[in-house]
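Participant: Have a look at this one.
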Amino acid sequence: MAPRALESEIDRLYQLPLDEFTTARNELAKTAGAEGAQVRALVKPPIAAWAVNQLYWKERNVWDSLMAAAENARRAHKAVLGGRSGDVRAAGKVHDDAAEAAVKSTLALLEEANHPVTDATKQAITTTIRALPGSEPPGRLTKTVQPGGFEMLAGLSVAAGSPKAAKPAPTRPAAPAPDHAAPKADVKALVRAREVLAAANGAVRNAEHAAKREEFEIAKATRDQDRASKAVDDARAAVEQAQTDLDRAEASVKTAAKQREAAEHRRRDAERELTEARRRAEAAARELKRIEKD
């Protein structure tokens, strides 16, 4: 199987209902050739990870907004830790809102799939969404994700790492504010711009996935067409053979009919000869009796 086709099939695995994953994976492994062992090693995700995967596959705009907000929060924390200005609070608020929307959408997808939403599952989904992005490819999570990176710095105050802690010497002119020291309104505008970019990138990825799926469908349709063409050829050959057999059978019927007609003629001739022979025999018998009486 071609690498791109295999990747598309693996993507499809993680979009299937959870109870179909193992059977579909094993069937794919049988047709994956040299990559069969790799496919067979794919791990069935727990319910929470599966639900978050569905968010990626079915609610891409929500996913992309979450990723953009997470990236913005990471940048803000990194800036503060590096001694630069960064509005951690504003970025954190945007990320909180995006995470809340993502959790809500994920729980809705879980309910649509008729899975019970237990407190444990809801907590695992919330934890995973707030910890994203993880180390696994999006849409293919095989386990829940624990908080790390900027999430571990959630309690850090802006003032603790702000460059305001160091004042310039009075004998030197104040340094101009760095380009990245943007006011809160600019940060929000930047977040919105990044969300738009993330959505556009998501549309590109969606188009790429669609193209991959169409390539797979083309390959499948080509195989189906080849099989159908072979079936047509086989059927035509069968029809030709059947026609030949029919012609032979009809010829045999005609021959048998002629033989039967000839046999009937011979039978009628034989009956006439039998009748004549009986007549002669009776005449001979009568002649014999007459002679014996005389």
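The values are calculated or read from the model by the stated rules, or taken from the named source; none is laboratory data. Every value quoted in this text rests on a predicted model; they were computed, and no experiment measured them. Note that we place each Cβ from the backbone using ideal geometry, even for glycine, and neighbour counts take in every protein chain shown.
Participant: Could you grab me the full set of residues in region 56-76 that are in contact (Cβ under 8 Å) with a residue 60 or more places away in the chain and under 17 Å from R140 (Cα atoms)?
Facilitator: Hits for region 56-76 are Y56, W57, R60, W63, D64, L66, M67.
Participant: Please list, ordered by residue number, the helices (runs of 4 or more DSSP H) wholly in region 1-88 having 1 or more residues that are over 23 Å from N114 (Cβ atoms), small (G, A, S) and touching a Lys or Arg at 6+ places or on another chain (Cβ under 8 Å). Steps first, please.
Facilitator: On the way: elements: 3-13, 21-31, 36-40, 47-58, 60-81.
Counting at least 1 such residues, we get 3-13, 21-31, 36-40, 60-81.
Participant: Take the conditions closer than 23 Å to P147 by Cβ, surrounded by 20 or more Cβ atoms within 10 Å (Cβ to Cβ) and not small (G, A, S) and apply them to V43. Does it pass? Please lay out each step first, then the result.
Facilitator: Details: closer than 23 Å to P147 by Cβ: yes; surrounded by 20 or more Cβ atoms within 10 Å (Cβ to Cβ): no; not small (G, A, S): yes.
No, not satisfied.
Participant: Next question. Could you identify the single residue in E27, E9 that is over 20 Å from T127 (Cβ atoms), touching a helix residue (DSSP H, G or I) at 6+ places or on another chain (Cβ under 9 Å) and of a type outside the set (F, W, Y)? Spell out how you get there, then give the answer.
Facilitator: Numbers: E27 fails: touching a helix residue (DSSP H, G or I) at 6+ places or on another chain (Cβ under 9 Å).
Result: E9 is the single residue among E27, E9 that is over 20 Å from T127 (Cβ atoms), touching a helix residue (DSSP H, G or I) at 6+ places or on another chain (Cβ under 9 Å) and of a type outside the set (F, W, Y).
Participant: Looking at the structure I just gave you, is K78 surrounded by fewer than 18 Cβ atoms within 10 Å (Cβ to Cβ), among the charged types (D, E, K, R) and modelled with pLDDT of 90 or more? It would help to see each step written out before you state the result.
Facilitator: On the way: surrounded by fewer than 18 Cβ atoms within 10 Å (Cβ to Cβ): yes; among the charged types (D, E, K, R): yes; modelled with pLDDT of 90 or more: no.
Considered against the rule, which asks whether it is surrounded by fewer than 18 Cβ atoms within 10 Å (Cβ to Cβ), among the charged types (D, E, K, R) and modelled with pLDDT of 90 or more, K78 comes out as no.
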